[in-house]
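Chemist: Handing you a structure now.
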Amino acid sequence: MSAGLRRAVAWHPPLMALAALTAVCAVACVVGLVVDPRTILGAPAWAKPLKFSLSIGLYAVTWAWLIAHLPRRRVLAGRLGTVIAATLLVEQVLIVWAVATGTTSHFNVSDGLHVVVWGTMAVAITVMYLCTFVTSLMLVGLRFPTPALTAAVRAGALIALGGIGVAFLMTGPTGAQIASPTGIVGAHAVGVVDGGPGLALLGWSTVGGDYRVAHFVGMHALQALPLAALLLGALGRRVPLLASPVVQLRLVLVAAVAYGAATVLLAVQASLGQSVVHPAGAVAVAAWAIAGAAVAVAAVVAARGGRGALGAPGGPSSRMRTGPFGGVDHS
């Protein structure tokens with residue numbers, strides 16, 4: 001094992017072990033997609049565990065890295081991370097088990113066994129959410145090398161909590177399920193039944209609303225925004241307009257607001273029974289407004305450069321404290 005890999009494993013061994021397991025599982029799922037022709041609810045049987053393997057693995061690595069940056073609360077954060085790893089392992093194992101037996105895992109209450117399986121998954125994900133919530137609060141006092149990265153991590157954690165929370169909107173019975181029970185309670189789709197036409201591999205409905213879109217986009221803000229901050233830092237060494245740390249910070253804040261607004265809009269769109277690939281009416285207007293405003297504000301920020309920036313002539317001192325999202329705290 002290389003020195004770099006050893007350091008990565010040391011971030012949080014249980015979470016990194018989970019990431020390794022999901023990587024192996026992802027490879028097995030790809031093989032399953034090739035050799036197993038079965039479908040479940042109209043989708044390739046092994047597509048769902050593949051998606052969960054990749055998502056859980058990415059989530060585990062991200063939190064392992066973040067927990068390693070919490071030295072003052074490392075013991076508590078480490079224990080919460082272990083609980084998160086355990087709950088996600090339960091989720092992963094039961095999803096794979098369901099596919100192996102040719103049935104669905106989520107919302108399935110068709111018999112006593114599946115009631116226990118779905119109940120176990122529901123408890124596991126709730127515990128994971130609560131542990132993630134507490135661990136996310138610990139990030140408020142965390143400082144990274146740049147204000148932009150600090151803001152990105154904090155905003156990403158906040159939006160991710162909202163994105164994960166969207167999953168709870170899927171668990172209630174639909175009107176059709178109440179009127180005619182079928183052993184399924186809850187649904188990903190809105191306005192149509194689960195298992196209809198959907199995007200390849202992702203499965204997101206192309207004919208109705210689907211909460212999975214907001215769920216996925218929101219929960220991965222914790223990766224997307226920090227990556228954007230790191231990319232801005234790299235570009236800042238080559239592009240003069242992006243060289244100022246404050247320009248990078250402001251651009252990250254613009255991205256965070258736009259990302260959060262987009263996540264909310266995707267959840268609202270799903271609740272209206274509208275497919276993500278067919279935005280219409282107020283949803284389409286709002287989407288263009290969010291995109292247009294983000295681009296316009298980002299352009300103004302880049303054009304202004306570092307004027308009034310931390311440490312710039314006439315600007316606030318670079319030694320000022322940073323606020324909750326990495327901005328200047330004037331208190």
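Chemist: Over region 1-142, calculate the relative contact order: mean separation of alpha carbon pairs under 8 Å at least 6 apart, over the residue count, as a percent.
Modeler: Result for region 1-142 is 25 percent.
Chemist: Sort largest first and round to whole Å: the equivalent ellipsoid semi-axes of region 1-146, each the square root of five times a Cα gyration tensor eigenvalue.
Modeler: So the three semi-axes of region 1-146 are 31, 19, 11 Å.
Chemist: Between Val123 and Ala303, what is the FRET efficiency for a Förster distance of 56 Å, r being their Cβ-Cβ separation, to the nearest 0.05?
Modeler: 0.65
Chemist: Would you work out which of Ala228, Gly209, Ala258 lies farthest towards the positive end of the dipole of the chain, given +1 charges on the beta-carbon of Lys and Arg and -1 on that of Asp and Glu, about the Cα centre?
Modeler: It is Ala228.
Chemist: If I compute semi-axes √(5λ) of the Cα gyration tensor in Å from the structure I just sent, which labelled value in (i) 31, 26, 17; (ii) 44, 32, 21; (iii) 38, 25, 17 lines up?
Modeler: Label of the calculated value: (iii).
Chemist: Determine the gain in length on full extension of the stretch Ala3-Val31; use 0.36 nm per residue of separation and subtract their C-alpha separation, reporting nm with one decimal.
Modeler: Extra length from Ala3 to Val31 when fully extended: 7.0 nm.
Chemist: May I pose another question? Could you tell me which of rounded, prolate or oblate describes region 15-57, using a ≥ b ≥ c as the square roots of the eigenvalues of the alpha-carbon gyration tensor, with rounded for a/c under 1.5 and, failing that, prolate when a/b is larger than b/c and oblate otherwise?
Modeler: Here region 15-57 falls in the oblate category.
Chemist: Quick one: if the Förster radius is 22 Å, what FRET efficiency do Ala293 and Leu272 give, using the C-beta to C-beta distance and rounding to 0.05?
Modeler: 0.50
Chemist: Need the C-alpha centroid separation for region 108-139 versus region 1-39, integer Å.
Modeler: With region 108-139 and region 1-39 each reduced to a Cα centre, they are spaced 22 Å.
Chemist: So what's the angle, to the nearest 10 degrees on a 0 to 90 scale, between helix 47-68 and the longest Cα principal axis of the chain?
Modeler: Once rounded, one gets 40 degrees.
Chemist: So for the pair Thr171, Leu230, with labels modelled 7 Å out along Cα→Cβ, what separation do we get in nm?
Modeler: 3.3 nm
Chemist: Placing unit charges on C-beta atoms (Lys and Arg positive, Asp and Glu negative, everything else neutral), compute the dipole magnitude of the chain about its Cα centre in debye, rounded to 20.
Modeler: In debye, rounded to 20, the chain gives about 1480.
Chemist: Let me ask something else about it. Set Lys and Arg Cβ to +1 and Asp and Glu Cβ to -1, take the dipole of region 49-204 about its Cα centre, and tell me which of Val185, Val99, Ile67 lies farthest positive.
Modeler: My answer, from the dipole projection, is Ile67.
Chemist: Still on this structure, please answer the following. Is region 104-168 best put as rounded, prolate or oblate by its Cα gyration tensor, with a ≥ b ≥ c the root eigenvalues, rounded for a/c under 1.5, and otherwise prolate when a/b is larger than b/c, oblate when not?
Modeler: prolate
Chemist: Same structure, new question: Nearest 10 degrees, 0 to 90: what angle lies between the long axis of helix 112-138 and the longest principal axis of the chain (Cα atoms)?
Modeler: With rounding to tens, the tilt is 10 degrees.
Chemist: Applying the Karplus parametrisation 6.51 cos²θ - 1.76 cosθ + 1.60 with θ = phi - 60° to the phi angles of region 201-207, what ³J(HN,Hα) value in whole Hz is obtained for each residue in order, glycine and proline being reported as x?
Modeler: 6, 5, x, 4, 4, 9, 10
Chemist: If amide hydrogens are placed 1.01 Å from N in the peptide plane, which non-local residues have theirs closer than 5 Å to the one on Gly198?
Modeler: Residues meeting the amide H criterion: Thr206.
Chemist: Restricting things to Cα coordinates, could you compute the convex hull volume per residue of region 55-102 in Å³?
Modeler: Taking only Cα atoms, region 55-102 has a hull volume of 44 Å³ per residue.
Chemist: Continuing with the same structure: Figure the gain on full extension for Arg143 and Ser110 (residue separation times 0.36 nm, minus the Cα-Cα span) and round it to one decimal in nm.
Modeler: Going from the current span to full extension adds 7.0 nm.
Since every read-out is calculated from the coordinates, none of them should be taken as a lab result. From a predicted model like this one, the values you see are computed outputs, not experimental measurements. So basically every Cβ, Gly included, is an ideal-geometry build from the backbone, and we count neighbours across all protein chains shown.
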